[in-house]
Amino acid sequence: MLKVGLTGGIGAGKSEVSRLLVSYGAVLIDSDLIAREVVEPGTPGLAAVVEEFGPDVLTAEGTLDRPALGALVFADGGRRAALNAIVHPLVGARAAELERAAPADAVVVHDVPLLTENGLAPFYDLVVVVDASAETQLDRLVTLRGMTESDARARMAAQATREERRAVADLIVDNDGPREALEARVREVWDELVRRAAAAAAG
């Protein structure tokens, strides 16, 4: 098994790279998806979040009100740390469970948005970073996601810098160009991952 950490700044195109890797045969473990699962209604995770932040972070239906919670934690590092202390261990445990269920010869790609920020690079056999310029990120966030420019800039500023992400990368996927170029580069990366997985299995 080859354990790959996949990361990239908001708007860099990481989700599309994940989708392409899955189409080539990767087993994807999506941290964002798991983070949603572990705070679904009835979970210990949601109960812990409500205990920490109060009932105002729930919708009328009893689900997590993400915008309300986001407003509490986004601008407050201490509150964000409290949330992470609840959610991250739950996500880690679930990700490990999914990894154990994967075939022994699999290329397992962990999609981890905050891999760089949380110092997680050493936990993977290698790290793939999806890279795009700040101008490209900003344009995608405003044009494709409908964010205001100030909101987009704030989200980008809250993450690791482009240089910090590139510093932990074993392989970089440049996503400033057209989709055809992205597909070609991800295919190259996939071939390299398969080669390394085979070498690890043989070694």
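The values are calculated or read from the model by the stated rules, or taken from the named source; none is laboratory data. Bear in mind that the values here come from a model prediction, so they are computed numbers and not experimental data. All Cβ positions, even for glycine, are placed from backbone atoms using ideal geometry, and neighbour counts span all protein chains on display. The accessibility values were calculated without ligands, DNA or RNA, using every heavy atom of the protein model including side chains. Shrake-Rupley method; radii C 1.70, N 1.55, O 1.52, S 1.80 Å.
Just a few scattered comments:
- The set of residues in region 91-106 that are touching a helix residue (DSSP H, G or I) at 6+ places or on another chain (Cβ under 9 Å) and either among the β-branched types (V, I, T) or not in a helix (DSSP H, G or I) (or both) comprises V91, A104, D105, A106.
- Among the criteria (1) outside any strand (DSSP E or B); (2) over 19 Å from A160 (Cβ atoms), the one H88 does not fulfil is (2).
- Every test in (1) in contact with a strand residue (DSSP E or B) (Cβ under 7 Å, 6 or more places away or on another chain); (2) surrounded by fewer than 18 Cβ atoms within 10 Å (Cβ to Cβ); (3) modelled with pLDDT of 95 or more is passed by L193 save one, and that test is (2).
- L72 meets each of the listed conditions (1) open to solvent by 30 Å² or more (accessible area, probe 1.4 Å); (2) under 21 Å from D111 (Cα atoms) apart from (2).
- Counted residues, region 1-32 - those being of a type outside the set (V, I, T) and either part of a helix (DSSP H, G or I) or open to solvent by 50 Å² or more (accessible area, probe 1.4 Å) (or both): 14
- Some residue of region 107-116 being open to solvent by 70 Å² or more (accessible area, probe 1.4 Å) and not in a strand (DSSP E or B): no
- One residue alone among V189, V128, V142 is more than 15 Å from the chain's Cα centre (by Cα), under 23 Å from G5 (Cβ atoms) and of a type outside the set (G, A, S), and that residue is V189.
- Unique residue being free of Cβ contacts under 8 Å to residues at least 60 places away in the same chain, polar (S, T, N, Q) and under 30 Å from A197 (Cβ atoms) when the list is S31, S23: S23
- Check on V39, in contact with a helix residue (DSSP H, G or I) (Cβ under 9 Å, 6 or more places away or on another chain), β-branched (V, I, T) and outside any helix (DSSP H, G or I): yes
- Within region 33-57, considering residues that are more than 29 Å from Y124 (Cβ to Cβ) and in contact with a strand residue (DSSP E or B) (Cβ under 7 Å, 6 or more places away or on another chain), the one most open to solvent (accessible area, probe 1.4 Å): V50
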